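Structure, as structure tokens:
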Amino acid sequence: MTSTGTTWTALRGLAALALTATAFLLLRQRYSCMIPTGSIAFFLLCALFLLGFVGLVSEVAWAFATRAGISGLRPRIATVAMGFAVYATLGGLAWMLNPVPSDQEHDAPYRATLSIFWSAGFLQETGAFSDHACGY
């Protein structure tokens, strides 16, 4: 792989990391003490986290693939699929672990939302919400 290709891979990876971290922090600062499942901004932040996470995993896998001498469209698609697979696996684990606080009763659609968008489920389950956003 050329140094230009390495540079672009690194820049795409850094951009994906920045998107993931920014979406997670904004989600934490704004929506962690009460998950507004009907809010467009909530879903937008969760979707940005998902895209950033998938992009980050994809770029890491792509870096390994190019070091092994593999390039082209099919391997690139495979690395993106790998990113979605890792994200879906973590979502499945979130569903199995029931990502809602034990003192609250929620129905399956709510649990599914917090499993698909497991970043928000993680924030709610751990209680790692912003004191500012919750009024404390």
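The values are calculated or read from the model by the stated rules, or taken from the named source; none is laboratory data. These numbers come from a predicted model, not from an experiment. FYI the Cβ positions are ideal-geometry reconstructions off the backbone, even for glycines, and counts take in every protein chain you see.
Miscellaneous remarks
- Condition met for residue 25 (under 18 Å from residue 123 (Cα atoms), surrounded by fewer than 17 Cβ atoms within 10 Å (Cβ to Cβ) and more than 11 Å from the chain's Cα centre (by Cα)): yes
- Once region 1-13 is narrowed to residues that are modelled with pLDDT of 90 or more and touching a helix residue (DSSP H, G or I) at 6+ places or on another chain (Cβ under 9 Å), the residue that is surrounded by the most Cβ atoms within 10 Å (Cβ to Cβ) is 13.
- Subset of region 65-83 [at pLDDT 90 or above and among the charged types (D, E, K, R)]: 74, 76
- Inter-residue pairs, beta-carbon under 9 Å, first without any contact (Cβ under 8 Å) to a residue 40 or more places away in the chain and in region 62-74, second basic (Lys, Arg), 6+ apart: 65/76
- Test set (1) hydrophobic (A, V, I, L, M, F, W, C); (2) under 23 Å from residue 122 (Cα atoms); (3) at pLDDT 85 or above - residue 34 fails condition number: (3)
Residues are listed down the side, and each one gets a yes or a no for (1) modelled with pLDDT of 85 or more; (2) of a type outside the set (Phe, Trp, Tyr); (3) in contact with a Lys or Arg (Cβ under 9 Å, 6 or more places away or on another chain):
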{"site": "52", "(1), (2), (3)": "yes, yes, no"}
{"site": "59", "(1), (2), (3)": "yes, yes, yes"}
{"site": "89", "(1), (2), (3)": "yes, yes, no"}
{"site": "103", "(1), (2), (3)": "no, yes, no"}
{"site": "112", "(1), (2), (3)": "no, yes, no"}
{"site": "115", "(1), (2), (3)": "no, yes, no"}
{"site": "118", "(1), (2), (3)": "no, no, no"}
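- A residue that is modelled with pLDDT of 85 or more, in a helix (DSSP H, G or I) and closer than 28 Å to residue 4 by Cα occurs somewhere in region 41-49.
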